[in-house]
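The values are calculated or read from the model by the stated rules, or taken from the named source; none is laboratory data. In this text, all values refer to a predicted model and were calculated from it rather than measured experimentally. Every residue, glycine as well, gets a Cβ built from its backbone with ideal geometry; the counts of neighbours run over all protein chains shown. What goes into the accessible areas is simple: the full protein's heavy atoms, side chains included, and nothing from ligands, DNA or RNA. Shrake-Rupley method; radii C 1.70, N 1.55, O 1.52, S 1.80 Å.
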Amino acid sequence: MTTVSEHVPKIVTSRIGLDQSYSIDTYLATGGYVALRKALTTMTPEAVASEVMTSNLLGRGGAGFEVGRKWSMLKNSPVRYLVVNGDESEPATFKDHMLIEGDPHQIVEGTIITAYAVGASRAFIFIRGEFALGLERVQAAINEAYRYGALGQNIFGSGFSLDLVLHPGAGAYICGEETSLIESLEGKRGYPRIKPPFFPAVIGLYGAPTIVNNVESMSNIPWIVNNGGAAFASLGVGRSTGTRIFALAGHVNRPGNYEVEMAKMTFRDLVDSPQYGGGMRLGRSVKAFIPGGVSAPWFGPEGLDIPLSQDDVAKAGSMLGSGSIVMMDDHTCMVRAAWRITKFFNRESCGQCTPCREGSGWIEKMMRRIENGGGREADLDLLLDACDNIAPGLSWPPAQTTICVLGPSIPSSVVAAIKMFRDEFLIHIKEGGCPYE
Amino acid sequence: MSGFSQIMRRRAESLVELYPERRSALIPLCHLAQEEAGYLSEDMMRDIADLVGVTPAEVYGTASFYDMLHTEPVGKYLVGVCTNIACLLQGGGELLEHAEEKLGVSPGGTTHDGVFTLEEVECVAHCDKAPAVQVNYRFFGPLTDETFDELIDDLSVGKYEGDVPSHGTLIRVHREVGIEVPMEEIVAQRRESDAAIASRKAALEAAKESK
Ligand SMILES: Cc1cc2nc3c(=O)[nH]c(=O)nc-3n(C[C@H](O)[C@H](O)[C@H](O)COP(=O)(O)O)c2cc1C
Ligand code: SF4
Ligand code: FES
């Protein structure tokens with residue numbers, strides 16, 4: 001096992017577990033708002049942006065785009081916006097939920113610094129509607145920040161002013177997609193917009209250039225300002241810099257959120273280490289795992305030795321995506337697991353694009369039929385064909401025939417399950433039901 | 001049936017003022033309406049339409065996109081059992097079956113006394129405590145059949161009144177201040193700062209060239 005360095009700082013989870021970790025008193029007692037003061041009173045906006053560029057912080061929302069590079073692409077315009085994405089609904093991803101409830105001030109501080117760096121006219125934090133406690137905590141943090149002088153007119157006497165507004169979602173996975181989120185924030189149905197032309201950095205909220213960044217991305221900003229982009233970039237390997245929270249779930253002894261240095265350990269280290277996953281439940285073996293949210297293709301046990309790095313996982317044919325890892329042991333029915341994921345996509349497809357809307361429905365029905373014992377052998381080819389209609393060629397990353405990438409994400413689990421566990425599908429079909437029940 | 005009360009209307013108006021365009025307040029206002037009426041009644045939708053400057057049909061059309069917005073009455077407690085992947089692996093499917101038995105309704109159904117509405121929900125980001133259940137968007141887990149029953153029984157006798165507030169995800173979300181910097185003022189400030197950035201850039205370029 002690779003040794004886990006003791007010296008890696010906790011960048012985004014340092015306050016998690018502290019008493020009243022969400023209060024401004026705790027936040028100030030642990031170095032809170034020092035970075036904001038430093039940025040506003042001693043740095044130019046372009047200097048802040050340049051530190052973030054140097055850090056090579058990759059967006060933590062799923063796509064893994066460089067945060068600094070995104071900022072540099074913001075179209076110049078007298079009105080521009082910053083929207084922070086706290087919609088976290090990718091199945092089995094629960095890291096943002098923890099940050100939102102546990103350290104809302106860190107998100108608020110990162111947001112204000114970012115608004116300064118990109119010159120946002122107003123900033124919004126979009127929080128998933130189901131996070132009732134999270135909404136309370138973030139609003140309380142915003143109230144406290146105004147009282148402390150970190151928001152509103154002339155922040156810390158720097159001449160920089162900003163208003164920050166909390167906005168609740170209302171239950172729709174698709175609203176995590178940035179253009180759908182913008183539609184929702186405009187008070188509409190969450191229909192994604194087509195890119196181009198609707199890249200938020202060019203045409204975003206109310207038609208104005210807009211930066212959309214994830215909650216965990218924002219949480220890294222205060223540390224980067226305090227310690228410098230180079231210090232951040234010295235952690236990790238290659239393009240995967242800094243630390244990252246992995247939300248480990250499924251059949252492990254210790255499911256939970258673990259912040260680790262990027263690329264320095266493998267999936268196996270994370271799963272087996274006593275301080276992290278603590279090994280597989282009941283000492284069972286790994287049958288398969290999902291490395292980056294249900295939109296990601298699965299790996300078998302041989303994937304366990306891949307390092308937790310964005311590029312290594314991509315090279316192996318999947319993605320680190322949302323930072324969720326789901327472990328499945330040898331007692332798991334793969335048909336049922338893949339079927340449930342398809343059911344999710346079918347339910348959450350916004351319905352604008354035919355391949356996604358119809359395809360997800362057909363695939364879900366076929367998968368359900370196989371799981372329940374009514375499947376035919378020809379269904380397997382039919383399933384692959386339906387998947388191919390959504391993402392032609394079934395390559396990775398998938399080809400896109402739809403407005404957003406929800407559609408092309410549907411085949412990931414189905415194709416992986418059929419490729420890796422064809423026998424198991426055949427047993428369901430031959431025996432007329434699920435052998436695991 | 002009626003729309004917003006005086007107090008709620010004031011809260012609604014203060015939310016509308018937070019946005020550069022009124023329509024942005026549509027969803028927050030739907031949450032307020034559910035807090036007051038338990039669901040999105042027609043009167044509420046009419047009031048919301050009025051407040052954000054759209055037609056009631058547009059409010060309905062928007063609201064119907066979202067799982068949390070209910071245009072029909074629901075129980076006092078919305079009980080959502082998650083059966084998505086992490087919960088499925090830990091028995092979420094079986095827990096949902098048990099919940100149906102315990103409450104005597106299928107997902108989408110409301111108990112006769114109007115206390116519980118059962119829902120099968122997608123991941124609620126509580127997966128390290130799988131199988132997870134949400135009650136009015138407060139999270140519980142990991143639950144067994146027995147602890148699920150206890151939870152329901154406790155809710156029935158009002159044991160969770162403080163921890164599980166009634167409808168409205170914004171029920172305890174109160175913004176203390178309005179918008180402090182009007183848009184025109186911000187735009188003027190940003191123009192100034194953009195000009196400063198541009199002149200710093202020009203100076204840098206000039207310095208480079210003279211070398
Ligand atoms: C279907 C779909 C769902 C998404 N859900 C989320 C989400 O819940 N949270 C999030 O931050 N990004 C989500 N994203 C990614 C966003 O579109 C966007 O890339 C991200 O918020 C940008 O922030 P980052 O660059 O800081 O990662 C989703 C994308 C898609 C296609
Ligand atoms: S791909 Fe699916 S979710 Fe995305 S816009 Fe098209 S129909 Fe909607
Ligand atoms: S899968 Fe059930 S809470 Fe995440």
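Could you tell me whether any residue of segment A:198-215 is aromatic (F, W, Y), within 13 Å of ligand 1 (Cβ to nearest atom) and surrounded by fewer than 24 Cβ atoms within 10 Å (Cβ to Cβ)? Can you show your working first?
Taking segment A:198-215 first, the residues aromatic (F, W, Y) are A:198-199, A:206.
Imposing the further condition that a residue be within 13 Å of ligand 1 (Cβ to nearest atom) reduces the set to A:198-199.
Now restrict to residues that are surrounded by fewer than 24 Cβ atoms within 10 Å (Cβ to Cβ): A:198-199.
Checking segment A:198-215: at least one residue is aromatic (F, W, Y), within 13 Å of ligand 1 (Cβ to nearest atom) and surrounded by fewer than 24 Cβ atoms within 10 Å (Cβ to Cβ).
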Report summary line: Scanning segment B:1-32 residue by residue, the ones that are in a helix (DSSP H, G or I) and under 19 Å from the mean Cα position of the chain (by Cα) total 19
**Report entry** Counted residues, segment A:142-154 - those being more than 28 Å from the chain's Cα centre (by Cα) and within 10 Å of chain B (Cβ to nearest Cβ)
**Finding:** 5
Report task. Name every residue in segment A:88-130 that is small (G, A, S) and within 16 Å of ligand 3 (Cβ to nearest atom), in order of residue number. Result -> A:S89, A:A92, A:G129
Requested in this report: Would you tally the residues in segment A:63-80 being within 14 Å of another protein chain (Cβ to nearest Cβ) and either within 16 Å of ligand 2 (Cβ to nearest atom) or closer than 19 Å to A:A233 by Cα (or both)?
Outcome: 2
Requested in this report: Kindly indicate whether any position in segment A:218-226 is within 16 Å of ligand 3 (Cβ to nearest atom), in contact (Cβ under 8 Å) with a residue 40 or more places away in the chain and within 20 Å of the chain's Cα centre (by Cα).
Outcome: no
Report summary line: Among residues of segment B:4-50 being among the acidic types (D, E) and within 18 Å of A:Q139 (Cα to Cα), the residue most open to solvent (accessible area, probe 1.4 Å) is B:E17
Query - Hits in segment B:124-138 - residues which are out of contact with any Lys or Arg (no Cβ under 8 Å at 6 or more places or on another chain), within 16 Å of ligand 1 (Cβ to nearest atom) and under 23 Å from B:R172 (Cα atoms) - result: B:V124, B:H126
**Report entry** Where B:G108 falls short, out of the listed (1) touching a strand residue (DSSP E or B) at 6+ places or on another chain (Cβ under 9 Å); (2) within 8 Å of another protein chain (Cβ to nearest Cβ)
**Finding:** (2)
Query raised in the report: With (1) more than 8 Å from chain B (Cβ to nearest Cβ); (2) within 13 Å of ligand 1 (Cβ to nearest atom) as the list, and A:G171 as the residue in question, which single condition is left unmet?
Result: (1)
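Residue by residue through segment A:347-382, note down the ones that are more than 10 Å from ligand 2 (Cβ to nearest atom), surrounded by fewer than 21 Cβ atoms within 10 Å (Cβ to Cβ) and within 12 Å of chain B (Cβ to nearest Cβ).
Of segment A:347-382, the ones more than 10 Å from ligand 2 (Cβ to nearest atom) are A:347, A:361-382.
Cutting the leftovers down to surrounded by fewer than 21 Cβ atoms within 10 Å (Cβ to Cβ) gives us A:347, A:361-362, A:365, A:368-369, A:372-374, A:376-382.
A:R347 - this is the single residue of segment A:347-382 that is more than 10 Å from ligand 2 (Cβ to nearest atom), surrounded by fewer than 21 Cβ atoms within 10 Å (Cβ to Cβ) and within 12 Å of chain B (Cβ to nearest Cβ).
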**Report entry** Complete set of residues in segment B:102-117 that are touching an Asp or Glu at 6+ places or on another chain (Cβ under 8 Å) and without any contact (Cβ under 8 Å) to a residue 40 or more places away in the chain
**Finding:** B:S106, B:P107, B:G108
Query raised in the report: What helices (runs of 4 or more DSSP H) lie completely within segment A:191-290 and have 3 or more residues being away from ligand 2 (no atom under 16 Å from the Cβ) and closer than 30 Å to A:R336 by Cβ?
Result: A:267-272
Requested in this report: Filter segment A:81-101 down to residues that are open to solvent by less than 20 Å² (accessible area, probe 1.4 Å), assigned to a loop (DSSP other than H, G, I, E, B) and either basic (K, R) or more than 7 Å from chain B (Cβ to nearest Cβ) (or both), then give me how many there are.
Outcome: 1
Query raised in the report: Only one of these conditions is not met by A:I174: (1) within 16 Å of ligand 2 (Cβ to nearest atom); (2) assigned to a helix (DSSP H, G or I); (3) within 26 Å of B:E176 (Cα to Cα). Which number is it?
Result: (3)
Query raised in the report: Where residues in segment A:119-138 are open to solvent by 10 Å² or more (accessible area, probe 1.4 Å) and in contact with a strand residue (DSSP E or B) (Cβ under 8 Å, 6 or more places away or on another chain), which of them is nearest to the other protein chains (Cβ to nearest Cβ)?
Result: A:E130
Query raised in the report: Can you name the residue in segment B:122-180 that is over 26 Å from A:F344 (Cα atoms), aliphatic (A, V, I, L, M) and at the interface with another protein chain (Cβ under 9 Å from one of its Cβ atoms) and is also surrounded by the fewest Cβ atoms within 10 Å (Cβ to Cβ) among such residues?
Result: B:V177
Query raised in the report: Does segment A:102-134 hold any residues that are closer than 28 Å to A:V79 by Cα, away from ligand 1 (no atom under 13 Å from the Cβ) and assigned to a loop (DSSP other than H, G, I, E, B), and which are they?
Result: A:G119, A:A120, A:S121
Query raised in the report: Out of curiosity, is A:S413 within 16 Å of ligand 3 (Cβ to nearest atom) and not aliphatic (A, V, I, L, M)?
Result: yes
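Quick grid of which residues meet (1) more than 14 Å from chain B (Cβ to nearest Cβ); (2) under 20 Å from the mean Cα position of the chain (by Cα):
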position	(1), (2)
A:R244	yes, yes
A:P274	yes, no
A:G279	yes, no
A:V286	no, no
A:G303	yes, no
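For every residue, the table says whether it meets (1) closer than 30 Å to A:S295 by Cβ; (2) in a helix (DSSP H, G or I); (3) out of contact with any strand residue (DSSP E or B) (no Cβ under 8 Å at 6 or more places or on another chain); (4) without any contact (Cβ under 8 Å) to a residue 12 or more places away in the chain.
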| site | (1), (2), (3), (4) |
| --- | --- |
| A:V8 | yes, no, no, no |
| A:T13 | yes, no, no, no |
| A:L18 | no, no, yes, no |
| A:T26 | no, yes, yes, yes |
| A:A35 | no, yes, yes, no |
| A:A39 | no, yes, yes, no |
| A:V52 | yes, yes, yes, no |
| A:R60 | yes, no, no, no |
Query raised in the report: For segment A:216-240, which residues satisfy the criterion of being among the hydrophobic types (A, V, I, L, M, F, W, C) and open to solvent by 10 Å² or more (accessible area, probe 1.4 Å)?
Result: A:W223, A:A230, A:A231, A:A233, A:L235, A:V237
Query raised in the report: Any idea which of (1) within 16 Å of ligand 1 (Cβ to nearest atom); (2) surrounded by 22 or more Cβ atoms within 10 Å (Cβ to Cβ) is the one A:A314 doesn't satisfy?
Result: (2)
Query raised in the report: Has segment B:187-201 got any residue that is facing another protein chain (nearest Cβ under 8 Å), under 18 Å from A:V165 (Cβ atoms) and either in contact with a helix residue (DSSP H, G or I) (Cβ under 7 Å, 6 or more places away or on another chain) or of a type outside the set (V, I, T) (or both)?
Result: yes
Query raised in the report: Taking segment A:177-190, which residues are open to solvent by 10 Å² or more (accessible area, probe 1.4 Å) and assigned to a helix (DSSP H, G or I)?
Result: A:E178, A:E183
